[in-house]
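Quick notes on the structure that follows.
What follows is calculated from the coordinates using simple rules that are stated; it is not laboratory data. Every value quoted in this text rests on a predicted model; they were computed, and no experiment measured them. Positions of Cβ are generated from backbone atoms using ideal geometry, with glycine treated the same way; all protein chains shown enter the neighbour counts.
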């Protein structure tokens with residue numbers, strides 16, 4: 001007796017392509033996750049692309065050039081004098097506050113500002129899309145090291161003198177509690193301005209002074225007294241073009257020193273285009289207008305390594321040439 005041939009159910013034949021397609025999608029997703037993780041790790045710890053905005057580093061770097069910065073070198077060693085770097089500058093009087101709020105003190109004069117829910121949209125080109133604005137990366141919040149100024153409000157607030165305001169620095173304890181406190185007059189209304197500790201945009205400049213160095217700018221020239229040295233030496237800045245060579249000028253404010261003593265963990269920077277550069281010579285904090293000429297090591301993103309675009313400028317950027 002011959003048995004008839006059996007055929008697999010049609011439903012099994014239909015499931016096989018679906019299963020293979022599902023595995024194909026999982027494979028794509030798996031590889032995509034690996035690529036994203038690798039890109040994030042590379043950009044965080046090794047190299048990162050940046051676009052040069054402005055001409056403050058001409059002729060070394062030009063406006064709209066695309067560059068790669070080396071992040072690994074400063075994780076393994078210290079920045080060197082002469083290195084061109086990308087960094088977040090200290091906040092200056094050119095920027096508005098992140099937040100401006102009103103607070104009324106209680107009968108004991110204690111004022112409390114809730115900071116946990118304070119948010120504002122970040123002013124960046126990639127945050128102009130309304131959908132992207134909802135993401136965390138486009139939300140500005142209060143952070144540790146932010147500066148808060150408290151000023152008693154009057155009927156003529158338009159003429160307020162912020163130079164007499166109180167200043168507090170936001171601490172991690174304040175962030176955890178979600179409140180920022182201050183002591184003022186009982187039952188008094190205060191206006192509060194909160195500034196972040198760094199500017200909102202990255203700068204590219206050249207390191208001129210290391211921790212412990214003293215910098216003097218005189219008659220268009222830059223002089224350096226290294227840590228432990230007794231005399232100044234004029235810097236031989238061969239990277240400056242003819243327009244900027246011997247044209248580095250700085251006018252100290254009344255009563256201010258004409259020398260910059262670089263503190264530990266900080267650096268003094270200048271742009272190569274000295275006549276058109278917003279750099280350490282020109283930085284003053286909000287409200288009190290005190291000079292803030294130094295860049296913190298923690299705010300340095302990395303050292304400029306390569307110009308990628310346009311092709312005619314493709315090449316490595318040398319650094320660490322100043323001794």
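A convex hull fitted around the alpha carbon atoms of the stretch 146-258 yields 219 Å³ per residue.
Between the stretch 206-227 and the stretch 262-305, the alpha-carbon centres lie 13 Å apart.
Listed by Cβ neighbour count within 10 Å, with the fewest neighbours leading, 204, 52 appear as 52, 204.
The value for the stretch 174-323 of Rg(Cα) / (2.2 N^0.38 Å) is 1.31.
Normalised by residue number, the volume inside the convex hull of the Cα atoms of the stretch 225-307 is 157 Å³ per residue.
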